[in-house]
Amino acid sequence: MALGQLKNNKAPGEGGITSKLLKAGGTPLLKVLQRLFNAVLLEGLTLEAWNRTVVVLFFKKGNNIVGVLKNYRPISLLSHVYKLFSRVITNRLTGKFVDFYPLEQADFRKGYSIIDHIHTLRQIIHKDRRV
């Protein structure tokens, strides 16, 4: 599930491993990653490579003159293995915390939308104006 959530055609981090490569690895690679992720969780330590990013400057506007930093924006390239690990943890935690959300919480919940609250608020305002 987590692997399917990673986007393809994204630039890899320092290790050069892309999400396409992770997906192509199939079950044998997933078993290795599972052992790695479990070891990380048991030891409470992350791989040093996961703490490093590659920063690339992307031209955004103006003259393409080297040295004029305001014409560029930085992009941080992270390890796709780290992204997968983060996604696994996020999915696990999201499933655990659903029961703790108050009924009023609609945004950032699967199957709910802030639009529902906006509609209710508009109905209340409309009803209040008629009274």
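For helix 26-43, report the angle its Cα long axis makes with the longest principal axis of the Cα atoms of the chain; keep it between 0 and 90° and round to the nearest 10°.
80
Where the only charges are on Cβ atoms (+1 Lys, Arg; -1 Asp, Glu), what is the dipole of the range 1-112 about its Cα centre, to the nearest 20 debye? All intermediate terms of the calculation are to be shown ahead of the outcome.
On the way: 17 positive and 6 negative charges, 92 e Å.
Roughly 440 debye, rounded to the nearest 20.
Select one label from [x] 403; [y] 181; [z] 197: the one whose number is volume of the Cα convex hull per residue in Å³ as derived from the coordinates shown.
[z]
Rounded, prolate or oblate for the range 74-131? Axes are the square roots of the Cα gyration tensor eigenvalues, ordered a ≥ b ≥ c, and the cut-off for rounded is a/c under 1.5.
Since a/c reaches 1.5 but b/c is at least a/b, the shape of the range 74-131 is classed as oblate.
Enter the Cα centre distance for the pair the range 7-44 and the range 57-108, rounded to the nearest angstrom.
The range 7-44 and the range 57-108 have Cα centres separated by 18 Å.
Which of Ile125, Leu42, Tyr101 sits closest to the plus end of the dipole of the chain, meaning its Cα is farthest towards the positive end, when Lys and Arg get +1 and Asp and Glu get -1 on the C-beta?
Checked the options; the winner is Ile125.
All of the numbers you see were taken from the coordinates with simple rules; none came from a lab. Note that the structure is a prediction, hence the values are computed from the model and not measured. Note: ideal-geometry Cβ built from the backbone for every residue, glycine included; neighbour counts use all protein chains shown.
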